[in-house]
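One structure is given here, and the rest of the page talks about it.
The values are calculated or read from the model by the stated rules, or taken from the named source; none is laboratory data. Treat the numbers as computed from the prediction; the structure is a model and nothing was measured. Here the Cβ positions follow ideal geometry from the backbone for every residue, glycine too, while neighbour counts run over all protein chains shown.
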Amino acid sequence: MYSDKKSVLQLVALLKAHEITHVVLSPGSRNAPLIHSLATDRDFTCYSVVDERSAGFFALGVTEALNKPAAVCCTSGSAALNLAPAVAEAYYRQLPLLVITADRPPAWIGQMDGQTIPQAGMFGRMVRHAVQLPQVSDSEEEWYCNRLINEAILSLDNIEKGPAHINIPLSEPLFGFTTPTLPTVRLIRRPKQSYGISEEGAYSKRFARFTKRMIIVGQLPPENGLSHLLEKLRKEQDVVVVADHLSNVEAGETLRYDALLRRATEEELEALTPGLVITLGGHIVSKRLKQFIRTAAIGELWHIAPSGEVIDTYQQVTDIVRSDNETFLRYLAEDPSGMISTRSNNPASLPTKASTTPDNVSFAFAETWKSACASVTIPEAAFSDLYAVGALMRSIPANATLQLANSHTVYLSQLFALPSSVHCFCNRGTNGIEGSLSTAVGYAAASQRLTFLLTGDLSFFYDMNGLWNRHLSPNLRILLNNNGGGEIFHTLPGLNSSEALNDYIAAAHTTGAKAWAEQQGLRYLAARSSEELQQKMPVFMNPGGDKPVLLEVFTSAKENKEVIESYYQQQKNKKEQ
């Protein structure tokens, strides 16, 4: 029987999955759940060493003998401090020593409770990675616990070897040993070589096993060189490529996939579910795509990460591919195994190289996505923020740059196509409203490209000082949707009933940009109707002139909400017809 602590079960199961089966145990009560679970499992070789300082060095000797990671486990308090000399030795000798310290609950630190000291990160820079596990109480904390343990273990041999620290707080009661078997846990793999494509991963063979494959492309810089490779995988390998404008690759047939996922039934979502997902780049705008992949019954998820860092956005990652994006996509597109174009419905069986011909590609999965996305139409909206966004996106010239503010702005922009030559940027690193204006002003100052900023009012007024400098380029164009507050908050389920919505959450206001824009030397335009907006667009789009231009579009938060809801309802009605 194993401990009934879920964090302990995850740790023991992952030690076994990663083949770390030699463990040095020092006695104690706080680490008793770990000791019992490890010592009673015959797959582990356990050593008992009372003195923790000696136990740490004993574990180093085991690591040397096996030429693979070994673990040392101790109880809380000063016992953990006694492992420090061995940890330092392991760090400077690049030995993969896994240190596991049991701990008291964090609430008792500094409360004069016995054997309770700040243990999280206690070894500082002497470890490659340090994690503190949660005391698991729900499925999200269990996923988090699993991810942290995988990260710590993978860091033992990440280009350079070295020690890692797992601190595991455990609350009383400690001595419940009622779990008969270890849980099935997710093992995250990462090739041990420093860079490039490793045969250890057998990626092309595994790629060939799946009939339904998807590549999700997150935020990337312009001119990233991936579009032709993604197109080759689309056309020749039946791969669905999902991307938004921030990826700076062709969105292709999956444009407006977010609207598709909004309206899809359970049956349709099942048909759209991939077996293999490959992710690359940074942030994805769509929350619905994240939710879809997180809950879908996919087989594997590979994330391409040149640094080898564990990124688990979709909570299903199985492989960290240590490669640059172009190298790995080229590897798949050129089919080094000669097996990719033939796939079996049974992921356990591999096709033979002799049977491989391009005619064996069915394209059924790609056709499913293409047909489903084609049924989602471009918005034809009444005057609103959505209308203004569409007017800009339809008019933006080739070879321009589009800077997007966060919140509703970046979401609405994904509903419209863009010329492939347009460079697209957004501060999605933290998704904050601050700095979008300043970033666009700085870009325009340093670039010769016509630069458009699409922004909402809260983001604009928060960063008004972005116009307070001597470097305003005449190439700058700002389209400001002013709806008198944070419009996105009016669309979030559950907030409509809040009495604080208008004044405090959406921060309703009556501020306009005219005086400030003109004081800073911008040409100011305003539109309060679709007719006015269409009249002002040619002036706004004109690349000539000696001043930057700000076009302020005044809309109603109430009408904006109605227009958005009407658009999505129309999509739902079309599907049902």
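Structural remarks
- Pair list, Cβ < 6 Å and 6+ apart or interchain, from segment 32-47 residues that are over 20 Å from Leu60 (Cβ atoms) and touching a residue at least 12 places away in the same chain (Cβ under 8 Å) to residues that are buried (at least 18 other Cβ atoms within 10 Å of the Cβ) and among the aromatic types (Phe, Trp, Tyr): Ser37/Tyr2
- Residue in segment 118-138 that is under 29 Å from Glu89 (Cβ atoms), in contact with a Cys (Cβ under 8 Å, 6 or more places away or on another chain) and surrounded by 17 or more Cβ atoms within 10 Å (Cβ to Cβ) present: yes
- Only listed residue being surrounded by fewer than 19 Cβ atoms within 10 Å (Cβ to Cβ) and either out of contact with any helix residue (DSSP H, G or I) (no Cβ under 9 Å at 6 or more places or on another chain) or basic (Lys, Arg) (or both), chosen from Glu266, Glu236, Glu309: Glu266
- Filter result (under 15 Å from Pro222 (Cβ atoms) and either surrounded by 15 or more Cβ atoms within 10 Å (Cβ to Cβ) or aromatic (Phe, Trp, Tyr) (or both)) within segment 411-439: Leu418, Val422, His423, Cys424, Phe425, Cys426, Arg428, Thr439
- Of residues in segment 1-41 being basic (Lys, Arg) and part of a helix (DSSP H, G or I), the one nearest to Arg147 (Cα to Cα): Lys6
- Filter result (in the same structural domain as Ser37 (by TED's automatic domain parsing) and in contact with a Gly (Cβ under 6 Å, 6 or more places away or on another chain)) within segment 143-191: Asn158
- Test: residue in segment 249-260 that is part of a loop (DSSP other than H, G, I, E, B), closer than 27 Å to Met393 by Cα, in contact with a Cys (Cβ under 9 Å, 6 or more places away or on another chain) and in the same structural domain as Glu223 (by TED's automatic domain parsing): yes
- Candidate set: segment 327-365, residues that are among the charged types (D, E, K, R) and crowded, with 16+ Cβ neighbours inside 10 Å; chosen: the one modelled with the lowest pLDDT: Arg343
- Residue within segment 493-511 that is modelled with pLDDT of 85 or more, over 30 Å from Arg288 (Cβ atoms) and not in a helix (DSSP H, G or I) present: yes
- Across segment 42-51, a minimum of one residue is classified as closer than 22 Å to Ile188 by Cβ and over 32 Å from the mean Cα position of the chain (by Cα).
- Residue in segment 121-179 that is nearest to Ala17 (Cα to Cα), counting only those that are in contact (Cβ under 8 Å) with a residue 24 or more places away in the chain and of a type in the set (Phe, Trp, Tyr): Trp143
- Test: residue in segment 51-65 that is at pLDDT below 95 and outside any helix (DSSP H, G or I): yes
- If you go through segment 185-218 and keep only what is of a type in the set (S, T, N, Q), assigned to a loop (DSSP other than H, G, I, E, B) and either in contact with a Pro (Cβ under 6 Å, 6 or more places away or on another chain) or modelled with pLDDT of 95 or more (or both), you end up with just Ser198.
- Enumeration of residues in segment 244-281 that are among the polar types (S, T, N, Q), closer than 28 Å to Pro222 by Cα and modelled with pLDDT of 90 or more: Ser247, Asn248, Thr279
Results for (1) surrounded by 18 or more Cβ atoms within 10 Å (Cβ to Cβ); (2) within 25 Å of Arg189 (Cα to Cα), shown as yes or no for each residue.
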position: Thr21; (1), (2): yes, yes
position: Arg30; (1), (2): yes, no
position: Ile35; (1), (2): yes, no
position: Gln94; (1), (2): no, yes
position: Trp108; (1), (2): no, no
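- Only one entry of Arg394, Arg449 meets the criterion of being out of contact with any Ser or Thr (no Cβ under 8 Å at 6 or more places or on another chain) and either at pLDDT below 95 or not assigned by TED's automatic domain parsing to the domain that holds Ser286 (or both), and that entry is Arg394.
- The residue list Val277, Val241 contains one member that is β-branched (Val, Ile, Thr), free of Cβ contacts under 8 Å to residues at least 40 places away in the same chain, closer than 26 Å to Arg186 by Cβ and outside any loop (DSSP other than H, G, I, E, B), which is Val241.
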